[in-house]
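Right, one structure below, let's go through it.
The values are calculated or read from the model by the stated rules, or taken from the named source; none is laboratory data. Just so it is clear, the structure is predicted and the values come from calculations on it, not from any experiment. Every residue, glycine as well, gets a Cβ built from its backbone with ideal geometry; the counts of neighbours run over all protein chains shown. For accessibility, only protein heavy atoms count, side chains too; no ligands or nucleic acids. Shrake-Rupley method; radii C 1.70, N 1.55, O 1.52, S 1.80 Å.
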Amino acid sequence: MSTDRKLPIVDCSEIIFGSLHDVENTAAFKTFTQSIGDGMRNFGFVYMINHGTTPEKVENLFSKCLKFFQLPAEVKAKYKKIDEVISSQGYTSSGDETVGELNRKRNGAPGLALPDLKECYDVFADEAKEESIFPAEVSGFKHAVDEFRSSLIHLVEKILRAFANYLNLQDQDYFIKEHSSILRDGIKKSYNFIRTNYYFPINPTGIVNPDKFGSNLRLGAHSDIGTMTFLFQDECGGLEVKLSNGEWVDIKPIKNSFILNGGFMLEVWSGGNLPAGVSSNF
């Protein structure tokens, strides 16, 4: 595993202010399109800096999530997901998910899956508008989610247009139309959500045993199912991504940045030109 390499860094400072209409025909947006397209095509991941949301909004959301995860197990259990076929809204306890492909074959028993060492709380799509779905024990949770989400909407629209530009689509609004319910009151049902993960310590020493790789993963190797993910890390790090040559790279947090990665939907829509990234978390 390499630790001395970084993903491309895309600076949004020249395109973040103003509407898409204001910037779409500028040289800065052309540079943005090329940078984000090349990065996603070659790596599946890029760092995004000067992206428009503030450190205070990110930290506020992290703080509310941590307060929830620190609640007693019986309290968190009140918010467990009921039926993920209908909605991804709610809490996932430790051991409920086995996301990673590497978790299945590294323990000497083919097909035996080892669960991810994490808890999750998901705020799903339009249900986030309802105060009642948020944990009552964490004051201000909905406000923190709303502030965080709204601060990134304009960037989402610009990234979707950049993908269309990069792929030379005839309909430059194609991706925007397909995500209209995120950006505005569209007719298409939205499946966007905010997922917060709480990772448990691996062991008292923090040392990973390479002979038991699967059992030490807090989130196994996987690709996301949607169009794209905005991944905000704290200072602890732990994220790894898999490069096209098969090498795993340790992705160190850059202050006030997030990682953009492509999902399976983007890979399908782009005909494989913007592949889904593969990542894991120790």
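Tabulated data
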| item | result |
| --- | --- |
| Selected residue [open to solvent by less than 50 Å² (accessible area, probe 1.4 Å), of a type in the set (S, T, N, Q) and at pLDDT 90 or above] from 261, 281, 273 | 261 |
| Residue ID - modelled with the highest pLDDT, chosen from residues in segment 173-191 that are open to solvent by 60 Å² or more (accessible area, probe 1.4 Å) and more than 23 Å from residue 41 (Cβ to Cβ) | 191 |
| Per-region count, segment 224-258, residues touching a Ser or Thr at 6+ places or on another chain (Cβ under 7 Å), at pLDDT 90 or above and assigned to a loop (DSSP other than H, G, I, E, B) | 0 |
| Some residue of segment 78-96 being at pLDDT 70 or above, of a type outside the set (Gly, Ala, Ser), within 20 Å of residue 200 (Cβ to Cβ) and in a helix (DSSP H, G or I) | yes |
| Residue list for segment 119-167, restricted to those being closer than 25 Å to residue 49 by Cβ, free of Cβ contacts under 8 Å to residues at least 60 places away in the same chain and open to solvent by 10 Å² or more (accessible area, probe 1.4 Å) | 146, 149, 150, 153, 156 |
| Residue match in segment 210-217 (condition: of a type in the set (Lys, Arg) and either modelled with pLDDT under 80 or crowded, with 17+ Cβ neighbours inside 10 Å (or both)) | yes |
| Lone qualifier among 246, 271, 263, 238 - being touching an Asp or Glu at 6+ places or on another chain (Cβ under 9 Å) and on the phi > 0 side of the Ramachandran plot | 238 |
| Considering residues of segment 245-255 that are farther than 18 Å from residue 35 by Cβ and not basic (Lys, Arg) only, the residue least open to solvent (accessible area, probe 1.4 Å) | 249 |
| Within segment 244-267, tally of residues that are farther than 27 Å from residue 161 by Cβ and touching a strand residue (DSSP E or B) at 6+ places or on another chain (Cβ under 7 Å) | 4 |
| Scan of segment 27-75 for residues that are open to solvent by 10 Å² or more (accessible area, probe 1.4 Å), among the small types (Gly, Ala, Ser) and modelled with pLDDT of 95 or more, ordered by number | 27, 28, 35, 63 |
| Subset tally (residues that are in a strand (DSSP E or B) and either at pLDDT 85 or above or within 18 Å of residue 235 (Cα to Cα) (or both)) for segment 193-207 | 6 |
| The one condition in (1) touching a Gly at 6+ places or on another chain (Cβ under 7 Å); (2) assigned to a helix (DSSP H, G or I) that residue 46 fails to fulfil | (2) |
| Single unsatisfied condition, residue 170 versus (1) modelled with pLDDT under 65; (2) part of a loop (DSSP other than H, G, I, E, B); (3) open to solvent by 50 Å² or more (accessible area, probe 1.4 Å) | (1) |
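This table checks each residue for (1) farther than 25 Å from residue 226 by Cβ; (2) hydroxyl-bearing (Ser, Thr, Tyr).
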site	(1), (2)
9	no, no
14	yes, no
21	yes, no
26	yes, yes
37	no, no
42	no, no
51	no, no
56	yes, no
64	no, no
